[in-house]
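Here, each number is a calculation from the coordinates, and none is a lab measurement. Owing to the predicted nature of the structure, the values given are computational and were not obtained by experimental measurement. We place every Cβ from the backbone using ideal geometry, glycine too, and count neighbours over all the protein chains shown.
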Amino acid sequence: MIGRTVIIVHPSELVCRGLASVLDGLKAVRILCFSSFSEIRISEHAAAHKLLLFVPASCRYADDLLELRSRIGEHRLIGLFNDEQEIIRNEVFDELLSINTSGNDFLKLAEDFFEEGYTDQNDELTNREREVLRLVALGHSNKSIAENLFISTHTVISHRKNITEKLGIKSVPGLTVYAIIQKLVDTSDISGDQLL
Amino acid sequence: MQEFTENDKMVHLVQANPNLLPVIHRFGIRLGFGNKSVAEVCAAWQVNPAFFLAIVNTFHNNHYFPEEELLAFSPLLIVDYLKKTHAYYIGFSLPQIEELIHRLLESTPEQNNEMKMIEIFYLAYKKKLTEHIVEEEEQVFPFVEKLVRAPETLTDRVFDFNFEKDHEHVDLELDDLKNIILKYMVPNYDELVCNKLMEEIYRFEKDIHDHSRIEDAILIPQVMHILKAGK
């Protein structure tokens, strides 16, 4: 199995290089850059374990992309746009981001994607999972956790699934107790009825 | 799979599986079986032997659940048995586990606010379970008894109790309690108290699992059937 891969397609070399250097911090991820869509030999990447694609959001590629999506495995497609006025077919992408988005947000998004469903051998929680767990223990809903951490609710749910799998604890009260034992939250932050 | 029959000696049931003793007691049967068979002991204590065996065998074998046979018994018998298991939980299992958790936490020198959360978690669990039991005792069981004994006195024939969700929740949190203790307990504690606590939790888990199964798969369908037939 080819490992975890990021593919960046953009006509601007600056965008490609910039994004690649931002994402350089990701562990065990291969990053590939292409100036145009036609350069990618997608069959080479279809078997990638996890594929994160950044492509220009402009409509030109929409049908190609839809077709492409049907042929590759677990992936996330991010459309990059230059300005709000561009004509974009929303349904093609998982997410749309301005190329002016901060490097940190790009990195966070990529981390979340690769962390999803990724279980460590030693079952330690990742930092992101600990953060999600902390908010769960403080009584936040999935929606509120998503807003707090700038991630989608879908990603929150996936983190929660991994947390439960790693810890063997399923209920919110149970997770709260674990968070306290591990000192992720303080007992004084928890009200008694949060366990009910 | 071992399945007990009317001709087995009653004492043999307990010898084969000591966990059956509380179940036998629940039927009002007392020790001093001598060499009497299940049928004889049941007759002496006025217990329906077929029903007794269906319950005991369900309890004894994880994969045994004689749904058709159980559905054929009167809902009154089922309700009576369920009430007795409730009484056992409220009167014995729940306080027993509470006391053991308390003693376990007292036995560790690292007793602190964090570990104390295990006890608070359990107390919250116990409170929820007790509320659920009270709801069944005060609303569901009287409804069923009326429906069978004097259906004409029922003004409202609507029955919209569905406890499967509650039951799932009860199972889930008990499982969490086990995992929290097994996986995250601090290493200094009284092992004898701990052994006893875990034994009691596992026993209770099995008991309440069977209990919920009888409610969900037997009692509720029986009531639905009677209501449908009466329309």
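Hey, with R₀ at 51 Å, roughly what FRET efficiency would A:S21 and A:R71 work out to, going by the Cβ-Cβ distance, to 0.05? Please report the intermediate quantities before stating the final value.
On the way: r = 29 Å, r/R0 = 0.57.
Efficiency, rounded to the nearest 0.05: 0.95.
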Peptide B:178-191, shielding by other chains (average Cβ, 10 Å cutoff): 2
Taking the Cβ of each residue in B:V11, B:V38 as the centre, tally the other Cβ atoms inside 10 Å and list the residues starting with the fewest. B:V11, B:V38
Explain nothing, just the number: dipole magnitude of the protein assembly as shown about its Cα centre with +1 on each Lys and Arg Cβ and -1 on each Asp and Glu Cβ, in debye rounded to the nearest 20. 420
Anchor B:K228: lysines whose Cα lies under 20 Å away (excluding residues fewer than 8 positions away in-chain): B:K146
Can you tell me the Rg and the Dmax, both Å, for the Cα atoms in the protein assembly as shown? 29.5, 92
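Do any trypsin sites (Lys or Arg not before Pro) in region B:97-171 lie in a DSSP loop with no more than 14 other beta carbon atoms within 10 Å, and if so, which?
B:R157
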Apply the Karplus parameterisation 6.51 cos²θ - 1.76 cosθ + 1.60, with θ equal to phi minus 60°, to every residue of region B:35-40 and state each ³J(HN,Hα) to the nearest whole Hz, in sequence, with x for glycine and proline. 9, 5, 7, 4, 4, 5
Exposure proxy ranking, count of Cβ atoms within 10 Å, fewest first, for A:V29, B:V158: B:V158, A:V29
Can you tell which of B:G32, B:M10, B:F51 lies farthest toward the positive end of the dipole of region B:1-75, using +1 and -1 charges on the Cβ of basic and acidic side chains (Lys, Arg; Asp, Glu)? B:G32
Would you calculate the separation in nanometres between label points at B:E199 and A:N127, each defined as 7 Å from the Cα along the Cα-to-beta-carbon direction? 4.7
Residues of B:120-127, mean number of Cβ from any other protein chain within 10 Å of their own Cβ, rounded to a whole number? 5
Point-to-point label distance, B:Y64-B:L182, nm (Cα→Cβ direction, 7 Å offset): 2.5
Placing each pseudo-label 7 Å from Cα in the direction of the beta carbon, A:S152 and B:E106 end up separated by a distance in nanometres of 5.3
Between B:E119 and A:R30, what FRET efficiency follows from the Cβ-Cβ distance if R0 is 30 Å, with the result rounded to 0.05? 0.05
Average partner chain C-beta neighbours within 10 Å, per residue of A:180-191? 3
Fewest-first sequence of B:K83, B:K178 by Cβ atoms within 10 Å of each Cβ: B:K83, B:K178
If I take the Cα coordinates of region B:84-173 and project them onto the principal axes, what are the three extents in Å, biggest first? 63, 23, 15
For region A:78-91, take each phi angle, set θ = phi - 60°, evaluate the Karplus expression 6.51 cos²θ - 1.76 cosθ + 1.60, and give the result in whole Hz per residue in order, putting x for glycine and proline. 10, x, 9, 10, 8, 8, 4, 6, 4, 8, 10, 8, 3, 5
GluC sites (Glu not before Pro) lying in DSSP loop within region A:53-116, provided at most 10 other Cβ fall within 10 Å: A:E84
Dipole magnitude of region B:131-219 about its Cα centre, charges +1 at Lys/Arg Cβ and -1 at Asp/Glu Cβ only, in debye to the nearest 20? 220
Treating each Cα of region B:67-113 as an identical point scatterer and ignoring solvent, apply the Debye formula and state log10 I(q)/I(0) at q = 0.15, 0.31, 0.34 Å⁻¹. -0.58, -1.00, -1.08
Rounded, prolate or oblate: which fits chain B when a ≥ b ≥ c are the square roots of the eigenvalues of the alpha-carbon gyration tensor, with rounded for a/c under 1.5 and prolate only if a/b beats b/c? oblate
How long is the gain from B:A229 to B:L21 if the chain were fully straight, where each residue apart is worth 0.36 nm and the alpha carbon distance is subtracted? 71.1 nm
Residue-averaged 222 nm ellipticity for the protein assembly as shown, from DSSP H runs of 4+ at -39500 (n - 2.57), nearest 500: -17000 deg cm²/dmol
About the Cα centre, charge dipole magnitude for chain A (Lys/Arg +1, Asp/Glu -1 at Cβ), debye: 420
Give, in nm to one decimal, the length gained when the segment between A:S58 and A:K161 is fully stretched (0.36 nm per residue of separation minus the Cα-Cα distance). 33.6 nm
